[in-house]
Amino acid sequence: MKNIDSSTHVRGESIYLDDIPLIRGTLFGVAFGSPVAHGIIRSLDLTEAETMPGVVRILTYKDVTGENQIGGIVPDEPLLAEHHVHYCGMPIAFVLAETDNEARAAVKKITVTIEPLPVITDPRDAQAKGELIVRPRTFRLGETAAAWEQCTYIFEGVADTNGQEHLYIETQGAYAIPQENNGIKLYSSTQGPTAVQRAVTKSSGLPMHQIDVDVTRLGGGFGGKEDQANMWAALCALATHILKKPVKYSLHRLEDMAMTGKRHPYSSDFKIGLDNDLKIIAYEVTFYQNAGAAADLSPAVMERTLFHCTNSYFIPNVTATAFCCRTNLPPNTAFRGFGGPQGMFVIEAAIAKAAESLGVDAAVIQAKNLNKTGDEFPYGQKAESEAHACWTKAEELYDIETIRHNVASFNAANVLYKKGIALMPVCFGISFTNTRMNQARALVHVYTDGSVGVSTGAVEMGQGVNTKMLQVAAQTFSIQPERVKLQSTSTYRIANTSPSAASATADLNGRAVQIACTDIVNRLKAVAADVLQVRVDEISLQDEYIYLGDKKTDWYWQRLVMEAYAKRVSLSEHAHYSTPDIHYDATKEKGHPFAYHVYGTALVDVTVDCLRGTYEMEAVKVVHDFGASMNPMIDRGQIEGGIVQGIGWMTMEEVVFDKSGRLRSNALSTYKVPDIYSVPKEIAINFLETQQDNLAIFRSKAVGEPPLMYGIGAYFALRNAILAFNPTTTIPFDAPMTPEKVLLALYDVNPALILANDQTVKGLEVTG
Ligand code: LUZ
Ligand code: MOS
């Protein structure tokens with residue numbers, strides 16, 4: 001089944017925040033952000049701004065009617081800065097004017113005097129100064145201290161990954177409309193309608209039942225709107241509450257890039273020990289997470305880094321520690337993979353270091369250490385593994401032996417072009433790591449014309465979740481998909497939702513839809529049994545008809561629905577689902593946090609231009625564990641998008657903050673994302689179809705985040721190509737591998753030297 005949004009998308013008819021018709025009298029808000037990264041506000045001068053044309057009001061923290069606080073996990077984030085500013089762009093004032101342009105012109109006239117304080121941008125500096133947002137955490141399996149003695153080989157190193165801009169096509173924004181008796185209707189581009197509702201409640205002082213957050217769809221989220229839509233929605237709602245006027249704020253791209261958090265950069269230390277047979281015996285890793293200036297979701301992201309620190313491998317002795325480091329950057333936040341990719345990069349770096357030092361192919365070490373069913377993860381859960389199945393199928397299907405051979409002969413025959421390949425296994429846990437978030441609800445109405453309206457807590461953000469929800473309803477009722485409509489996501493219809501996140505949205509909300517529809521079906525069958533004078537178990541609903549055994553009756557869907565209505569039987573249902581059997585004890589760091597894991601293996605194949613440092617992604621070939629995919633077209637789209645986004649993070653996307661905490665890569669002229677020219681020339685996706693029982697909806701496994709991590713293979717493929725050109729060069733584990741870094745590595749130039757002296761490097765010679 002096609003994505004139900006495809007035709008309105010192509011025709012430009014799909015509704016996003018900016019397509020909602022404006023009510024007359026709507027005011028436009030724009031935030032004034034701190035010009036410096038850290039300091040104390042000595043004075044704030046609004047006088048000139050207040051006299052600018054069209055300006056109606058400028059709000060500061062003094063105007064906040066509730067608590068000046070929007071922090072979700074830790075209450076450490078004011079809605080509007082009071083005295084202390086922690087990052088460049090931190091909102092200090094909110095200007096309201098009759099037009100968007102007038103509000104922006106007025107923002108430029110605000111002046112603020114800030115006494116500067118020292119700026120920290122590096123997580124290791126923050127940790128050294130004791131700037132931790134939450135306590136460090138350590139996951140342990142076995143005993144690493146004792147295990148080093150059993151190791152024949154031990155390698156240590158440092159591995160760094162940079163941030164990543166979400167670059168959803170639709171920027172952040174909200175539109176608040178006053179209702180009677182202080183109520184507010186709020187359109188928000190958010191993955192978490194309830195998160196927005198809670199932030200508005202806290203900062204305005206209004207009860208949650210007065211706040212209707214309504215979301216039709218987003219133009220992308222990728223985690224950036226899991227928590228960080230709250231700020232803009234809360235500002236609009238506050239202004240609406242005070243002024244009793246509709247208020248809209250839709251961020252410009254440059255505001256969005258400068259003011260919102262990104263994927264967390266990490267710096268990590270690793271130590272890996274292997275035995276004679278290249279089995280990994282011990283692994284120690286310390287993660288320094290660059291959380292930015294407030295907690296946001298960082299503690300949860302850090303936890304997932306620890307959960308995925310051994311990726312798809314079984315390692316009997318593990319000690320993994322993580323620090324959540326406070327720096328003066330915008331608070332970093334959820335981003336597809338949620339800390340998992342950062343953890344996986346480090347174990348892959350450790351394996352690459354071992355492989356390069358021992359002169360073996362990394363794939364040999366990877367293959368020997370893949371987990372098996374029954375193996376224990378450091379957090380206590382036992383694997384139900386498809387790791388070997390994916391790896392072996394990829395090797396056979398894509399004939400990786402021949403590819404290896406071709407790469408070697410290409411490299412022998414070419415001086416200035418080198419190829420590199422890498423395999424990237426992935427194992428990703430499905431469920432929110434915070435157990436209580438694994439619940440969802442659905443509200444299903446069957447109308448008397450036979451049409452069906454479905455509401456869930458799921459937010460459509462391009463991932464196709466509404467199409468999947470529709471499939472669940474149509475299949476459970478056994479009716480045509482055209483009869484079913486997915487309604488917008490509204491906190492008035494579905495309460496206390498978890499954000500659409502953690503790859504778990506279709507599973508959680510889909511199960512709730514299934515339960516609601518099944519309950520209605522059971523009532524309809526009882527009605528049919530009654531009118532046909534048979535037992536309920538003789539009846540089934542198939543293709544819009546009641547069947548008696550295998551005999552079709554003349555009771556078609558609408559007739560049955562109408563009969564149920566006439567008999568005063570309920571045609572509506574509200575259902576609740578919570579993932580069974582999951583638990584986690586953070587004091588012991590043990591439990592069974594995930595409903596299941598998703599597995600896969602990718603082969604990434606690249607060619608480097610060794611004169612220029614540029615490169616091309618030749619192919620990405622994947623075997624992915626879909627379970628039993630309920631929508632192969634949507635799932636394939638998720639994999640393709642995830643791969644390209646992962647490759648972008650690992651290769652060309654470079655977030656640059658200067659030492660004063662200002663974002664230098666603040667526009668698409670300086671921040672490069674993959675485009676149609678840089679996507680792999682070939683993406684092959686093979687479905688590992690398994691029939692294992694699992695907790696996914698219709699056994700169709702979650703697909704949102706896992707494929708991003710295939711992109712990590714691009715980094716290691718590039719590394720292998722560079723080493724084919726210059727086998728003795730030293731390449732720091734420092735992603736992204738931009739063309740500049742490739743060039744330096746090809747000629748073994750220490751990047752620190754260039755950056756320090758800002759001079760031309762002499763002696764670059766092409767050899768061979
Ligand atoms: N969000 C969250 C997530 O709050 N908890 C999670 O475990 C998670 N995992 C992935 C993506 N978003
Ligand atoms: Mo996400 S990182 O699943 O919002």
Check: Condition test on residue 137, is it open to solvent by 60 Å² or more (accessible area, probe 1.4 Å) and either among the charged types (D, E, K, R) or not assigned by TED's automatic domain parsing to the domain that holds residue 317 (or both)?
Finding: no
Next item on the list: Name every residue in segment 328-346 that is part of a helix (DSSP H, G or I) and either over 16 Å from residue 303 (Cα atoms) or within 13 Å of ligand 1 (Cβ to nearest atom) (or both), in order of residue number.
Entry: 340, 341, 342, 343
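Among the listed residues 99, 113, identify the single one that is touching a Lys or Arg at 6+ places or on another chain (Cβ under 6 Å) and either open to solvent by 20 Å² or more (accessible area, probe 1.4 Å) or not basic (Lys, Arg) (or both).
113
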Check: Name the pairs whose Cβ atoms lie under 8 Å apart, with the first residue in segment 668-693 and in the same structural domain as residue 710 (by TED's automatic domain parsing), the second assigned to a strand (DSSP E or B) and open to solvent by 50 Å² or more (accessible area, probe 1.4 Å), and 6 or more positions between them or separate chains?
Finding: 681/616
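Find the residue count for segment 147-170, including only residues that are open to solvent by less than 60 Å² (accessible area, probe 1.4 Å) and more than 30 Å from residue 242 (Cα to Cα).
Result for segment 147-170: 15.
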Note to self: Go through (1) surrounded by 12 or more Cβ atoms within 10 Å (Cβ to Cβ); (2) not assigned by TED's automatic domain parsing to the domain that holds residue 724 for residue 598 and report which single condition fails.
What the structure shows: (2)
Next item on the list: Select from segment 11-33 the residues that are among the polar types (S, T, N, Q) and under 18 Å from residue 246 (Cβ atoms) and list them in ascending order.
Entry: 26
Checklist line | segment 45-75, residues that are open to solvent by 60 Å² or more (accessible area, probe 1.4 Å) and assigned to a strand (DSSP E or B) | finding: 45, 56, 57
Next item on the list: Considering only segment 635-666, state which residues are touching a helix residue (DSSP H, G or I) at 6+ places or on another chain (Cβ under 6 Å) and either surrounded by fewer than 21 Cβ atoms within 10 Å (Cβ to Cβ) or over 30 Å from residue 393 (Cα atoms) (or both).
Entry: 663, 666
Note to self: Which pairs turn up if I take residues in segment 1-30 that are in a strand (DSSP E or B) and look for partners that are open to solvent by 40 Å² or more (accessible area, probe 1.4 Å) and not aliphatic (A, V, I, L, M) with beta carbon separation below 7 Å, at least 6 apart in sequence or on another chain?
What the structure shows: 27/98; 27/245; 28/99; 28/100
Item checked: Scope segment 460-486; condition within 16 Å of ligand 2 (Cβ to nearest atom) and open to solvent by less than 30 Å² (accessible area, probe 1.4 Å); matching residues -> 460, 464, 465, 468
Margin query: Just the residues that are open to solvent by less than 50 Å² (accessible area, probe 1.4 Å), free of Cβ contacts under 8 Å to residues at least 40 places away in the same chain and not in a helix (DSSP H, G or I), please, taken from segment 727-749.
Written below: 729, 731, 747, 749
Check: Given 225, 271, which one is among the basic types (Lys, Arg) and in contact with a Ser or Thr (Cβ under 6 Å, 6 or more places away or on another chain)?
Finding: 225
Next item on the list: Go through segment 171-188 and give me each residue that's open to solvent by 10 Å² or more (accessible area, probe 1.4 Å) and either touching a strand residue (DSSP E or B) at 6+ places or on another chain (Cβ under 6 Å) or within 16 Å of residue 227 (Cα to Cα) (or both).
Entry: 171, 177, 179, 185, 187
Next item on the list: Look at residue 436 and say whether it is among the charged types (D, E, K, R) and within 16 Å of ligand 1 (Cβ to nearest atom).
Entry: yes
Notebook entry, point to check: Which condition number in (1) under 30 Å from residue 590 (Cα atoms); (2) outside the structural domain of residue 343 (by TED's automatic domain parsing) is the one that residue 461 fails?
Noted result: (1)
Note to self: I'd like the full set of residues that are more than 16 Å from residue 16 (Cα to Cα) and either more than 13 Å from ligand 1 (Cβ to nearest atom) or among the polar types (S, T, N, Q) (or both), limited to segment 219-231.
What the structure shows: 228, 230, 231
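Looking only at residues in segment 487-502 that are away from ligand 2 (no atom under 16 Å from the Cβ) and of a type outside the set (D, E, K, R), which one is most open to solvent (accessible area, probe 1.4 Å)?
Here the residue is 492.
Return the residues of segment 264-297 that are open to solvent by 10 Å² or more (accessible area, probe 1.4 Å), outside any loop (DSSP other than H, G, I, E, B) and not aliphatic (A, V, I, L, M); say none if nothing qualifies.
Of everything in segment 264-297, those that are open to solvent by 10 Å² or more (accessible area, probe 1.4 Å), outside any loop (DSSP other than H, G, I, E, B) and not aliphatic (A, V, I, L, M) turn out to be 267, 269, 271, 284, 286, 288.
The values are calculated or read from the model by the stated rules, or taken from the named source; none is laboratory data. These figures come from a predicted structure and were not determined experimentally. Every residue, glycine as well, gets a Cβ built from its backbone with ideal geometry; the counts of neighbours run over all protein chains shown. Accessible surface is based on the protein model in full, side chains and every heavy atom, while ligands, DNA and RNA are left aside. Shrake-Rupley method; radii C 1.70, N 1.55, O 1.52, S 1.80 Å.
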